[in-house]
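Read through the structure below, which is laid out as structure tokens, and then see the notes.
What follows draws every value from the coordinates through simple rules; no lab data is involved. This one's a predicted model, so the numbers in the text were calculated from it and none came from an experiment. Here Cβ is always computed from backbone atoms with ideal geometry, including for glycine, and neighbour counts include all displayed protein chains.
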Amino acid sequence: MEFFCKKLSQAKGTVVVFRPEIENLPKEEQKTALNVLVCLAQEIGFADLPEFSGREGKVHFSFSPSGREFLQVGLGKNPNLSALQKALALLVQTCSVQEIEQISLCVDGLFLPFQEAVFESVLALLLASYSFDEFVAEKKSKTVFPKTVTLVGDAAEVAPAQDIFSAVKLIRDLVNIPANVATPKFLANIAEELAKDFGFSCQVFTEQECEKMKMGCFASVFRGSEEPACFIVLDSNPGSQEPPLVFVGKGVTFDTGGISLKPAANMHEMKSDMAGAATILGLFRLLGLRREKRRLVGILPCTENVPGNLATKPGDVVFAMNGKSVEILNTDAEGRLILADGLCFSEKFKPSAVVDLATLTGACVVALGETIAGLFSNDEKLASVFIEQGRVVGEDFWRLPLPDDYQKDLKSDVADLKNMGKREGGAIYAALFLQNFVPENTPWVHLDIAGPARSKKDCGIIKVGGTGFALRTLWNVVQNYS
Ligand code: BES
Ligand code: ZN
Ligand code: ZN
């Protein structure tokens, strides 16, 4: 999808269903293809053009005063960011069905400042046109409609939106690529490419090196698989003395549950159990594309969780990098084990804050549903920056507690900790387990993205499979947290 921007004098303020400015937008160079004028119409009870209600989910074709083909897309009664995204996703769908190659669009006079509206529109159009067709012969992505979008607005808003899309696309692709291709080594290659393209440093530790560093929890997960595990460390600015923001991401490239095997139904969805790691790779891509100078470190323990003859057995005891012993009662609670060593490792960087991201618990999905992430934090300021920035970009985080007196349920009879608490409050116990490995006096936030990291169906700008959830929030936090 290509974007052209035209600066024209704009009508200010009022909600209008037809903006005369777009009449002046050129039909574009290509004479053969029709250039359809598009307006977003708010449902306001009465309509300037009486034949269209502006209702959400509705489109209406007619002709503009000068006789050009004119498409209205309903914004509904409550035009907010989510309504805008839905309307633009419907626009992309309509263009596909009607094979409309060129459109002209004006998003002035909406609820957002004009520049933001242009930025959000470009991003929403791109997100809505995403499809994952790497493994099929007929490439849907080859015939994206519309092909060109002429916008009233400032061209400066286009590139930042395209860069965010590029990062989200990387995350969605990595989550969607099957586990026989997206192995730990595959993720390490992506990290190395990012490092080469943008001048980051990238270290990839092997299983032996991880064992040498005493990452017993991580090792307890990778032992079961012959597919080699990797512990990836990206640093955007390795020479700097600046205390970095450290991001730790769960990179389980496939989670069978291990010896505590999962049921067969929907097990294929567990190829997405590396979404936390993928999101951090996306964040580094965005950092590079936007030339952000702030120092970030990404720590990505990547492995499969499968039952092999060397796999961890329930009841086994292992030692994390910080020396704490863990009795593994359920090998399916593997995410917290690999993150434990990831969190311990983060201490080396003397971080200003540590953020971990993981598709960690089914319990979090039970508690908050499929589109809201769980947020846990030991720091008020960090927690509120995430929640606030999440709200700005339309990603929902709901804070859950870290009750001290629940820690006793994680005490083991034979070790310092066990890797499972009670069934009730499962997401909380996972977070409390992680808290035992956070470097001392360090602001920390844990994001359980088990629900929103993937979607079961197409829904507006979200497509079935990986969503790229959290990338935009992380990006805004990087810019707003000091
Ligand atoms: N990867 C799963 C969590 C998950 C579930 C992610 C559903 C996305 C959708 C995780 O490793 C897991 O299996 N957790 C267990 C923990 C339990 C054994 C304490 C769970 O949530 O059931
Ligand atoms: Zn699991
Ligand atoms: Zn898992």
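When Rg is the radius of gyration of the Cα atoms in the range 306-460 and Rh is its Kirkwood radius, what does Rg/Rh come to? Don't skip to the end; give the middle numbers.
On the way: Rg = 15.9 Å, Rh = 16.3 Å.
My calculation of the ratio gives 0.97.
Could you tell me how far the Cα centroid of the range 262-294 sits from the Cα centroid of the range 353-414, in Å?
Each part's Cα centre sits 18 Å from the other's.
Relative contact order for the range 271-427: what is it in percent, counting Cα pairs under 8 Å that are at least 6 residues apart?
On the way: 152 pairs, mean separation 40.5, N = 157.
Once divided by the residue count of the range 271-427, the mean separation gives 26 percent.
Run lengths n ≥ 4 of DSSP H only: what is the helix-derived mean residue ellipticity at 222 nm for the chain, with -39500 (n - 2.57) per run over all residues, to the nearest 500? Please list the in-between numbers first.
Numbers: 12 runs with 148 residues, N = 482.
Estimated from H runs of four or more residues: -9500 deg cm²/dmol.
Note the angle between two axes, namely the Cα long axis of helix 158-176 and the longest principal axis of the Cα atoms of the chain, as a number of degrees from 0 to 90, rounded to the nearest 10.
Roughly 50 degrees, rounded to the nearest 10.
Got a sec to turn the phi values of the range 332-348 into Karplus ³J(HN,Hα) couplings, 6.51 cos²θ - 1.76 cosθ + 1.60 with θ = phi - 60°, whole Hz, x for Gly and Pro?
Rounded to whole hertz, the list is 7, 8, 8, x, 5, 6, 6, 5, 4, 6, x, 5, 4, 5, 4, 4, 3.
Order 193-199, 327-333, 426-432 from most to least packed using the mean count of other Cβ atoms within 10 Å.
Values: 193-199: 15.0, 327-333: 20.4, 426-432: 24.0.
Packing proxy ranking, top to bottom: 426-432, 327-333, 193-199.
Note down the magnitude of the dipole of the chain about its Cα centre, charges +1 on Lys and Arg C-beta and -1 on Asp and Glu C-beta and zero elsewhere, to the nearest 20 debye. Mind dumping the intermediate values first?
Values: 49 positive and 59 negative charges, 74 e Å.
Magnitude of the dipole: close to 360 debye.
If you count the DSSP beta bridges with both ends in the chain, what percent of them are antiparallel, to the nearest 5? Numbers along the way, then the final one.
Details: 27 of 70 bridges.
Bridges in the chain that DSSP calls antiparallel: roughly 40 percent.
Would you kindly calculate the translational diffusion coefficient of the range 235-283, applying Stokes-Einstein with the Kirkwood radius from alpha carbon pairs, for 25 °C and a viscosity of 0.890 mPa s, and quote it in µm² s⁻¹ without decimals? Display every interim value, and only then the final one.
On the way: Rh = 13.0 Å.
In µm²/s, the coefficient rounds to 189.
Would you please calculate the Kirkwood hydrodynamic radius of the chain over all C-alpha pairs and express it in Å, rounded to one decimal?
Values: mean 1/r = 0.0423 Å⁻¹.
Radius from the Kirkwood sum: 23.6 Å.
Taking the number of other C-beta atoms within 10 Å as the exposure measure, put C230, C210 in order starting with the fewest. Please list the in-between numbers first.
On the way: C230 26, C210 22.
Neighbour counts put them in this order, fewest first: C210, C230.
Let me check I've understood the local charge: for W444, count other residues with C-beta under 11 angstrom from its C-beta, Lys and Arg +1, Asp and Glu -1. What total comes out?
Working: positive: none; negative: D356, D379, E440.
Charge balance near W444 sits at -3.
With N denoting the number of residues in the range 110-185, provide Rg(C-alpha) divided by 2.2 N^0.38 Å, to two decimal places.
Details: Rg = 15.2 Å, N = 76, 2.2 N^0.38 = 11.4 Å.
Compared with the compact-globule rule of thumb, the range 110-185 sits at 1.34.
Would you work out which of P403, T467, G374 lies farthest towards the positive end of the dipole of the range 363-482, given +1 charges on the beta-carbon of Lys and Arg and -1 on that of Asp and Glu, about the Cα centre?
T467
For T361, list long-range residues whose amide hydrogen, built 1.01 Å from N in the peptide plane, is under 5 Å from its own amide hydrogen.
Amide H neighbours of T361: A450.
Relative contact order of the range 92-235, please, whole-number percent, based on alpha carbon pairs below 8 angstrom and at least 6 residues apart. The partial results should precede the final answer.
Numbers: 142 pairs, mean separation 32.6, N = 144.
Relative CO of the range 92-235 lands at 23 percent.
If you take the beta carbon distance between K139 and E51 as r and set R0 to 30 Å, what does 1/(1 + (r/R0)^6) give as a FRET efficiency, to the nearest 0.05?
Values: r = 38 Å, r/R0 = 1.26.
That gives a FRET efficiency of 0.20.
Given H placed 1.01 Å from N in the peptide plane, which residues other than close sequence neighbours of V36 have an amide H under 5 Å from its amide H?
Residues meeting the amide H criterion: Q102, I103, S104.
Using a Debye calculation, one point per C-alpha and no hydration shell, please list log10 I(q)/I(0) for the range 169-248 at q = 0.23, 0.24, 0.25 Å⁻¹ in order.
Each listed q corresponds, in turn, to -1.21, -1.24, -1.26.
Do you know the relative contact order of the range 404-478, to the nearest whole percent, from alpha carbon pairs under 8 angstrom that are 6+ apart?
Values: 51 pairs, mean separation 12.5, N = 75.
Once divided by the residue count of the range 404-478, the mean separation gives 17 percent.
Kindly state, to the nearest 0.05, the FRET efficiency for K147 paired with S352, given R0 = 41 Å and r defined as their beta-carbon distance.
Values: r = 44 Å, r/R0 = 1.08.
Rounded to the nearest 0.05, the efficiency is 0.40.
Using only Cα atoms, what is the ratio of the radius of gyration of the range 269-362 to 2.2 N^0.38 Å?
Numbers: Rg = 15.4 Å, N = 94, 2.2 N^0.38 = 12.4 Å.
The range 269-362 yields a ratio of 1.25.
For the chain, find the longest principal axis of its Cα atoms and tell me its angle to the long axis of helix 426-435, 0 to 90°, nearest 10.
Approximately 70 degrees, to the nearest 10.
Percent antiparallel among DSSP beta bridges with both residues in the range 282-440, to the nearest 5?
Details: 4 of 10 bridges.
Here the antiparallel bridges make up roughly 40 percent for the range 282-440.
Residues with amide H under 5 Å of A41's amide H, sequence separation 5 or more or different chain, H placed in the peptide plane at 1.01 Å from N; which?
Correct list: V73, G74, L75.
Leaving out same-chain residues fewer than 8 places away, which lysines sit with a Cα under 21 Å from that of K196?
The reachable lysines, counting only those whose Cα sits under 21 Å from K196, are K169, K185, K293.
Using a 10 Å cut-off on Cβ atoms, rank the peptides 278-284, 364-370, 73-79 from the highest mean neighbour count down.
Numbers: 278-284: 29.3, 364-370: 17.6, 73-79: 20.1.
Descending mean neighbour count gives 278-284, 73-79, 364-370.
Can you compute the charge dipole magnitude of the range 48-124 about its Cα centre, using +1 on each Lys and Arg Cβ and -1 on each Asp and Glu Cβ, nothing else charged? Give it in debye, rounded to the nearest 20. Let's see the in-between values first.
Details: 5 positive and 9 negative charges, 47 e Å.
In total the dipole reaches around 220 debye.
So, by mean Cβ neighbours within 10 angstrom, what's the order for 185-192, 445-452 with the highest one leading? Kindly include the intermediate steps, with their values, before the conclusion.
Working: 185-192: 19.5, 445-452: 27.5.
Highest to lowest by the protection proxy: 445-452, 185-192.
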